[in-house]
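Working notes, beginning with the structure itself.
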Amino acid sequence: MKSYLFSPGPVMVEEPVRAALNHYDICHRSPEFEALYADIQQKVLRLFEADETYCSVVISGSGTAANEACLSSVFEQEEEALLLSNGEFGERLYEILGKYQIPTTNLTFGWGVLPDLDRVEKALKDNPKITYICMVFHETSTGMINPVGEVGQLAKKYGKRFFVDCVSAAAGEHVDVLKNNIDLCTSVGGKCLGAYPGAAYVCGRESLISALTPELGRNVYLNLAKHYRIAKKCNQTPNTPNVTLFWALDAALDWTLDRETLDGRIQRYRECSGILRNGMKEMGLRFLLPEEQMSSTVTSVFLPDGKNVADFVAGLAQDGYTVYPGKGKYLEMNMFQVATMGAIYPDDCRKFLEVLQKHI
Ligand SMILES: Cc1ncc(COP(=O)(O)O)c(C=O)c1O
């Protein structure tokens, strides 16, 4: 049964994006693919508000693949990371850094707690081996927007590089790599961009990425230097890419950047979230975060006492709406998450509220 996806990815797509899946078959070693990939690389730069000093690559995989491509490819043996973590996806970055045996100062702030910048600065002063600060832009597990601009300033002040997981932020927030001093960041089609899961991308300073060597990379498939070098040489990928998803990614980038515009997209998401948040407040529901800390797209909200979140989510699904139960300790606290990513419009949100009212 068709379900309205009010979940933070995968998302509902616009018709031209779905139609792009039906493109005639092409070979990934053909000029047609090279032209498509060259276009996508430029559009990804626009998505992150980057200039010509940045470059991008597409990686066939989920958002984690893009994160792993970055974190497994950029550290020299003696170099260390400083991680800011305040939710599930910060913890995921820690898991990746650990797997690749990158010594990491893991600053944890508790889920849903804004990072304390004094602690960040102290950690930078204490450990000169740190070369990268790593963090999540939009911590999807809580819906919090992290202070990327402020941390970017610290990165600049202390001469560190700055990696940001923008998986759930790109096309939902202004990532603005230049203003925020971001050196390297990631996202994936099946979130705010409104494409499909499975086509992820990396955007970073070309001076940084071009200096990487395949030998520095700690794995084969997700080797950022390899991805960059072949893209630069001939707009191809090192391995067989998911060509079909490239067409859809391209269509979603066109829709976002040209038809709706990045500003328009972000405004629509904010409008939709505003409608949901106002409606939920009128129903007496309590939010996890103060509204000024919330993203444009994800709302984390508690059910009234006595309600069971698993039953609630199942009930909404029966009525054709997908929302997510809270993660970690929030599940026990009967929290659920509603997202307005992808092809969701104000009227969809008003209809959702009518259905929600029946279930609380
Ligand atoms: C902020 C963030 N980072 C990483 C991921 C992992 O992405 P994927 O599930 O596409 O690997 C997600 C997924 O929701 C996310 O929200």
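Data overview
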{"quantity": "Candidates ASN278, ASN219, ASN239 - the one that is surrounded by fewer than 24 Cβ atoms within 10 Å (Cβ to Cβ) and either outside any loop (DSSP other than H, G, I, E, B) or of a type in the set (Val, Ile, Thr) (or both)", "calculated": "ASN278"}
{"quantity": "Residue in segment 45-62 that is more than 16 Å from the ligand (Cβ to nearest atom), basic (Lys, Arg) and either in the same structural domain as PHE137 (by TED's automatic domain parsing) or farther than 19 Å from GLU206 by Cβ (or both) present", "calculated": "yes"}
{"quantity": "Contacts under 6 angstrom Cβ, first residue in segment 320-333 being part of a helix (DSSP H, G or I), partner not β-branched (Val, Ile, Thr), 6 or more apart", "calculated": "LEU331/PRO325"}
{"quantity": "Every residue from segment 305-336 that is surrounded by fewer than 13 Cβ atoms within 10 Å (Cβ to Cβ) and among the aromatic types (Phe, Trp, Tyr)", "calculated": "none"}
{"quantity": "Residue that is farthest from PRO10 (Cα to Cα) [pool: residues in segment 45-99 that are of a type in the set (Gly, Ala, Ser) and in contact with a Cys (Cβ under 7 Å, 6 or more places away or on another chain)]", "calculated": "ALA81"}
{"quantity": "Which numbered condition SER73 misses (of (1) small (Gly, Ala, Ser); (2) part of a loop (DSSP other than H, G, I, E, B); (3) more than 22 Å from LYS233 (Cα to Cα))", "calculated": "(3)"}
{"quantity": "Among the residues listed as SER30, SER85, the single one being touching a helix residue (DSSP H, G or I) at 6+ places or on another chain (Cβ under 7 Å) and either polar (S, T, N, Q) or in the same structural domain as MET341 (by TED's automatic domain parsing) (or both)", "calculated": "SER85"}
{"quantity": "Per-region count, segment 337-350, residues surrounded by fewer than 16 Cβ atoms within 10 Å (Cβ to Cβ) and either in a strand (DSSP E or B) or free of Cβ contacts under 8 Å to residues at least 24 places away in the same chain (or both)", "calculated": "1"}
{"quantity": "Members of segment 310-332 that are closer than 17 Å to HIS359 by Cβ and of a type in the set (Gly, Ala, Ser)", "calculated": "ALA310, ALA314, GLY315, ALA317, GLY320, GLY326"}
{"quantity": "Hits in segment 88-114 (condition: of a type in the set (Phe, Trp, Tyr) and within 14 Å of the ligand (Cβ to nearest atom))", "calculated": "PHE89, TYR94, TRP111"}
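For every residue, the table says whether it meets (1) among the charged types (D, E, K, R); (2) surrounded by fewer than 18 Cβ atoms within 10 Å (Cβ to Cβ); (3) touching a Gly at 6+ places or on another chain (Cβ under 7 Å); (4) over 24 Å from LYS329 (Cα atoms).
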| position | (1), (2), (3), (4) |
| --- | --- |
| ILE26 | no, yes, no, yes |
| ILE40 | no, no, no, yes |
| THR53 | no, yes, no, yes |
| ILE59 | no, no, no, yes |
| ASN67 | no, no, no, yes |
| SER73 | no, no, yes, yes |
| LEU82 | no, no, no, yes |
| SER85 | no, no, no, no |
| PHE89 | no, no, no, no |
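The values are calculated or read from the model by the stated rules, or taken from the named source; none is laboratory data. Remember, predicted model here, so these are calculated numbers, not experimental data. No Cβ is skipped: glycine too gets one built from the backbone with ideal geometry, and neighbour counts run over all protein chains shown.
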